[in-house]
Amino acid sequence: MTTDAVPAIPGYRVIRPLGMGGMAVVYLAEQESLGREVAIKVLSARLAGDPSSVERFLREGRTAAALVHRHIVGIHDVGRCDGRPYLAMEYLPAGSAANGLPMPRDEALAVVVQVAEALAHAHRMGVIHRDVKPENILRRADGSYALSDFGIARPADGGGITQDGVVIGTPSYMSPEQLRGEALDGRTDFYALGVVLHQLLTGQLPYRGTDGWSIGLQHLNAPIPRLPEAMADCQPLMEALMAKDRDRRPVDGTAIAQ
């Protein structure tokens, strides 16, 4: 899965890799003091010498640890081992909302309600997620859902671009203002939640293309797609969330949930 050596983190027994991304490897581990399973996210060895990557990784831990909410994945510990920072977090083995699409209508709406509540809390704490998508919505054993991966989250006044001027996010879920690199607020997360709603209901993204540029142009200019007739009662909610003009979107996640 990765050429990184399995880390030896004091207080944890690493069991096996769970997955990897562009910045980090995630392992299943046992927290020895409590005898509980946790997911440990470790910065990739190739990035451990890059101060900006280390700071971004640690910022994710600090940001998520401050967001204590039943629908946000909990952070147990943040630290460094052999120069590589790590996060120890809740282990949710039931997969993500990306598994088994499309969902039944009622379950899809339940996911939207729970993520909207999580976003309402994050926004009240001054944090914009900026990467809401099914892969970052994890399922708990009781069937509820929790938002994860605050790796590119920013303070509400932090704008839509990184310090080097590059717009970041996942193009299929990016709001028009995020694509334009404008200053962002919580409404950009609600746009992504509208995209997620479409995907949960239909199993398809609302806009598809061969590259991020062609997808981004559709987010900027294409009409909001129509849901199948059997799901037509969800169309007003999706259109409110995916409004091209953010002034026409909801401003509060609690209102969306209600």
Checklist entry - Gap in Å between the Cα centre of the range 38-67 and the Cα centre of the range 171-190? => result 23
Item to check | By average C-beta atoms within 10 angstrom, highest first, the peptides 189-195, 210-216 | outcome: 189-195, 210-216
Checklist entry - Nearest 10 degrees, 0 to 90: what angle lies between the long axis of helix 187-202 and the longest principal axis of the chain (Cα atoms)? => result 80
Checklist outcome for this item: quick note, the chain, DSSP beta bridge pairs, % antiparallel (nearest 5) is 95
Next on the checklist: Restricting to DSSP H runs of at least four residues, report the calculated mean residue ellipticity at 222 nm for the chain, -39500 (n - 2.57) per run over all residues, nearest 500 deg cm²/dmol.
Outcome noted: -9000 deg cm²/dmol
Checklist entry - So how compact is the range 17-87: Cα radius of gyration and Dmax in angstrom? => result 12.3, 35
Item to check | Sulfur and carbon atoms: percent of accessible area, the chain [1.4 Å] | outcome: 53
Checklist entry - What is the sum of charges around L34, taking Lys and Arg as +1, Asp and Glu as -1, for the other residues whose C-beta is under 15 Å from the C-beta of L34? => result -3
Checklist entry - Ranked highest first by the average count of other Cβ atoms within 10 Å around their residues, in what order do 128-138, 17-27 fall? => result 128-138, 17-27
Next on the checklist: Compute the angle between helix 212-221 and the longest alpha-carbon principal axis of the chain, please, reported from 0 to 90 degrees and rounded to the nearest 10.
Outcome noted: 40
Checklist outcome for this item: Taking 238-248, 86-96 and ranking on average Cβ neighbours within 10 Å, highest first, one gets 86-96, 238-248
Item to check | Cα shape, the range 171-257, gyration tensor, a/c 1.5 rule | outcome: oblate
Checklist entry - Mind listing the phi-derived Karplus ³J(HN,Hα) values for the range 79-86, rounded to whole Hz, using 6.51, -1.76 and 1.60 with θ = phi - 60°, and x for any glycine or proline? => result x, 9, 9, 6, x, 10, x, 9
Checklist entry - How many angstrom separate the Cα center of the range 235-258 from the Cα center of the range 75-96? => result 33
Item to check | On Cα atoms only, tilt of 51-65 relative to the major axis of the chain in degrees | outcome: 70
Item to check | Amide H within-cut-off set for M20, under 5 Å, with H built and near neighbours excluded | outcome: V26
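The values are calculated or read from the model by the stated rules, or taken from the named source; none is laboratory data. Nothing here was measured: the structure is a model prediction, and the numbers come from that model. Here Cβ is always computed from backbone atoms with ideal geometry, including for glycine, and neighbour counts include all displayed protein chains. Accessible surface areas use protein heavy atoms only, side chains included; no ligands, DNA or RNA. Shrake-Rupley method; radii C 1.70, N 1.55, O 1.52, S 1.80 Å.
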